[in-house]
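For reference, the structure is listed below as structure tokens.
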Amino acid sequence: MKKFRKPFKFYLTLFILSSVLIIAYSIFKMIRDDTPLSDLYSTWFIPLFFILIYWSSDWILDKIFNRKQKVDYESKFLDTIGQKMRDANAFLIEDYRRLQINQKFQASLKIAYKIYMDGEDEVFTIEKLEKKFKKDTIEYKAMQFVVDYLKENRDLNGKNKENKV
């Protein structure tokens with residue numbers, strides 16, 4: 001989704017720039033045309049109104065076009081596990097690349113996510129995930145992080161209520 005709102009720094013910079021231009025214009029008009037200061041008060045509000053209109057239109061467009069933005073729980077699940085793996089500092093960059101292209105490992109991650117969301121059943125269990133890879137492989141080490149995370153987040157009945165939408 002495209003983000004229409006800009007950072008606060010953008011609006012502040014635009015406000016300062018337009019205010020400087022309006023002040024320069026006011027000084028020019030007072031010197032060149034001998035315009036009284038009271039006639040120029042109304043022009044000093046132009047930068048404020050311009051920025052408010054600009055910000056509100058960006059805010060409205062952001063609300064209109066991003067209202068159906070859904071939270072990607074699978075991505076959050078994978079990010080959490082990835083962060084635990086990075087914090088453990090047990091893998092090299094090549095290991096991460098190897099895990100990304102390994103189809104068997106990626107399928108196991110999808111099964112792990114299903115277990116995380118729906119709990120264990122006859123077909124998908126944590127024990128099966130643990131036994132899926134040989135013990136001396138990188139995939140096995142990585143799967144241990146997934147299994148540990150699944151074990152941390154299961155309830156007594158095998159389903160985790162926080163995981164539901």
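Here is how the numbers come out for the structure above:
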quantity: Protein accessible area in segment 27-165, 1.4 Å probe - carbon and sulfur %; calculated: 58
quantity: Which labelled figure in (i) 51, 42, 30; (ii) 88, 35, 24; (iii) 100, 33, 29 is Cα extents along the principal axes in Å, once derived from the coordinates; calculated: (ii)
quantity: Surface per residue (accessible, 1.4 Å probe) for the chain, Å²; calculated: 74
quantity: When each of Lys76/Lys131; Lys114/Lys141; Lys6/Lys114; Lys114/Lys134; Lys3/Lys151; Lys9/Lys84 is checked by Cα-Cα distance, pairs over 32 Å; calculated: Lys6/Lys114; Lys3/Lys151; Lys9/Lys84
quantity: In Hz, Karplus ³J(HN,Hα) per residue of segment 115-122 (6.51, -1.76, 1.60; θ = phi - 60°; x = Gly, Pro); calculated: 5, 4, 7, 10, x, 7, 9, 5
quantity: Percentage relative contact order, the chain, counting C-alpha pairs under 8 Å, at least six apart; calculated: 20
quantity: Selected from Glu139, Glu152, Glu122 as most flexible by GNM, with the chain as the system and alpha-carbon contacts under 10 Å; calculated: Glu122
quantity: The chain: most fluctuating residue of Thr137, Thr35, Thr125 per GNM, C-alpha cutoff 10 Å; calculated: Thr35
quantity: Highest-fluctuation residue, Val20, Val147, Val71 considered, GNM on the chain with Cα pairs under 10 Å; calculated: Val20
quantity: Long-range amide H partners of Asn66 with built H, under 5 Å; calculated: none
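The values are calculated or read from the model by the stated rules, or taken from the named source; none is laboratory data. Remember, it's a predicted structure, so these values are computed and weren't measured experimentally. Each accessible area value is taken on the protein alone, full model and side chains, heavy atoms only, with ligands, DNA and RNA left out. Shrake-Rupley method; radii C 1.70, N 1.55, O 1.52, S 1.80 Å.
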